1. Within a 10 angstrom radius of each residue's Cβ in B:102-108, how many Cβ atoms of other chains show up on average? Whole number is fine.
2. Mind listing the long-range amide H neighbours of A:Arg276? Cut-off is under 5 Å, sequence gap 5 or more, other chains count too, H placed in the peptide plane at 1.01 Å from N.
3. For A:Ala378, enumerate residues with amide H under 5 Å from its amide H, sequence gap 5+ or separate chain, H modeled in the peptide plane.
4. With charges only on Cβ, +1 for K and R and -1 for D and E, what is the dipole size of the range A:278-332 about its Cα centre, in debye, rounded to 20?
5. Kindly rank B:9-16, A:106-113, A:151-158 from highest to lowest mean number of other beta carbons found within 10 Å of each residue.
6. Of the peptides A:364-377, B:58-71, how do they stack up when ordered by the mean number of other Cβ atoms within 10 Å, highest first?
7. Taking H as built 1.01 Å from N, whose amide H comes closer than 5 Å to the amide H of A:Gly105, not counting residues under 5 places away?
8. Based on other C-beta atoms within 10 Å, arrange A:Asp261, A:Asp218 from fewest to most.
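Where a number appears in this text, it was derived from the coordinates with a stated rule and is not lab data. Since we're looking at a predicted model, the values are computed, not measured. Positions of Cβ are backbone-derived with ideal geometry, glycine not excepted, and every protein chain shown enters the neighbour counts.
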Amino acid sequence: MTWLRAVLDDMADDAPQVDLTERTIRARERRRRVAAPVVATASVVAVALAATAAVRLLPAEPDAAARPGTVTDLPARGVGPLSHAYATFCRPEDGEAPSGCVNGGWRVVTRDGKTYRVGQALRGGSSGLRTSPLAISRDGRKVAYYDAKAGTFAVRDLTSGAVLLAPTKVPRQWLGSIAQLLLSDDGRFVAFSKAPALKDPAMLFDMRERMVRFLPNDWDPIGLSPDGDTITLAKYAPKTRLQTISHLWRTSTAGNARTVDVTGHYQVGGLGPDGRTVVAVESVKVTGSGCVRSGGALVHLDRETGKVLRRVPVRGLSMTANFVHLRSWAGPQEITALATPFTCNESDDAPASSFDPPYAPFTAYAVNVETGKARKLATYTAQGFFELVLPGFPGTL
Amino acid sequence: MDPNDSFREFMAAHQQSLMRTAYLLTGDAHLAEDLLQSVLIKVLRRWSELAHVASPQAYARKALVNQYISWRRRLVRTAELPSAEPPERAHSSEESTIIRLAMRQALARLPPRQRAVIVLRYYEDLTEHDTAKLLNCSIGTVKSQAHDALARLRALAPELAPKFADMENLEEAHR
């Protein structure tokens, strides 16, 4: 067998040299959170939420599954501002996939309820692990995605149909397993990062001037100054850290970077409209299990020192009954919190490997960062926090 | 101590070997990554139990092979078989390159269980008994699958026939 063994061994030398350790841990945590509504769907809380979605909110958030035949490809131009986007995986372990489901595809939904497939965007992998990132500008009028045909990122103006491509090609394998995009309000800048941190870099693109700056990888972009010259990033493993890089376009190679450690584990939201405020939700381990739940307060962090400035208890949104992720700011003093019912059931916490997560309700709240008061905005249906994109900061893990 | 630390230790020791097996099973770098990633999530899900057994890597290998067979069935149904070419190498002799490419193309045309048997028996060096246990089948099935797989490889890659003939002669001599 020496000959055959030697040939197979030689072939195996072409195996990818990739470290999947942190990616696995993060994907596992991500699936655990995604799977939480599987059990909760049967609970009174979830039934109440589902009823709310169906009766009061669905007119603004059409459920594609309930409206077969209404989904078409994104028109070349003349599309109104977006309410949200969601990824579709077509073999949910429970319930039905949307009509006309394209596995790993993205759909965008306009504020007036029209749903379109984004056929240009790269489709996520059949395992549901290799995601294709997508971001929507805060005004809902531009969308950034990885253009499968062009082999790089694109920003599309939905009204005019104008498409700007990034100045360099980005090989698909650079997308990693968990890719993040952050689109500036005017659609000029696109920041891209992914996990795990391989040799290939994260990047910031100036789509208008066709320039690129490299960024540190495995850091999630959470805020970009209007001129694209300062970026704020967050990192969660092995501990929470914040990094600010300034003077990105004033020197020929790199800017000034400042990194701070945060004591404790937090999931941060998008950078505040003042360009300085960072608000987060604490990640709290549930005693006696491997589960993590959200803390009960909004936590103000100092971007310069990493210190906790203050904690504001949230009212009007149960932080213990829900798992909560922060997204963009909904106003000068309100941040969007995306919530889904929380359960901790280790034996049921991962979907069968050959199936995709079920479609489940996610409810958005605007939470006042000074008073903690929450008000409900809308309920969406998606297969996970990161399969649902709202305008602005698309969230981090 | 972070509960994931022992998993990290396991990964440091066994990840690359599992990736090599995944690559031989799929023949595609991206699919190998996806396959292994999917299996590792299952492994991590059961880590509290597996961390105390003698060989979590044996569980991982078994899950890898069974997941691969399951995926191949799905992929065949949806016509998503990969067509990726192997990466180019800076240093490779002409003969070894020809052999590698011929074998790669022939392996791609084997049914999933036959391919798995080839990888387990001739790359992992598992016994027929261990291969049967891993694939949940009889030793007789492993023998017939291996025989059929080798015959098919020989037919699919006639340029490798002398090599297979030498191999069979060697096996005969050992009996």
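1. Counting other chains' Cβ atoms within 10 Å and averaging over B:102-108 gives 2.
2. Sorted by chain and number, the residues that satisfy this come to none at all.
3. Here A:Ala364 satisfy the definition.
4. 80
5. Ranked by mean Cβ neighbours within 10 Å, highest first: A:151-158, A:106-113, B:9-16.
6. Top to bottom by mean Cβ count within 10 Å: B:58-71, A:364-377.
7. When sequence neighbours closer than 5 places are left aside, the close amide H contacts are A:Thr88, A:Gly124.
8. On the way: A:Asp261 13, A:Asp218 21.
The fewest-first ordering by Cβ neighbours comes to A:Asp261, A:Asp218.
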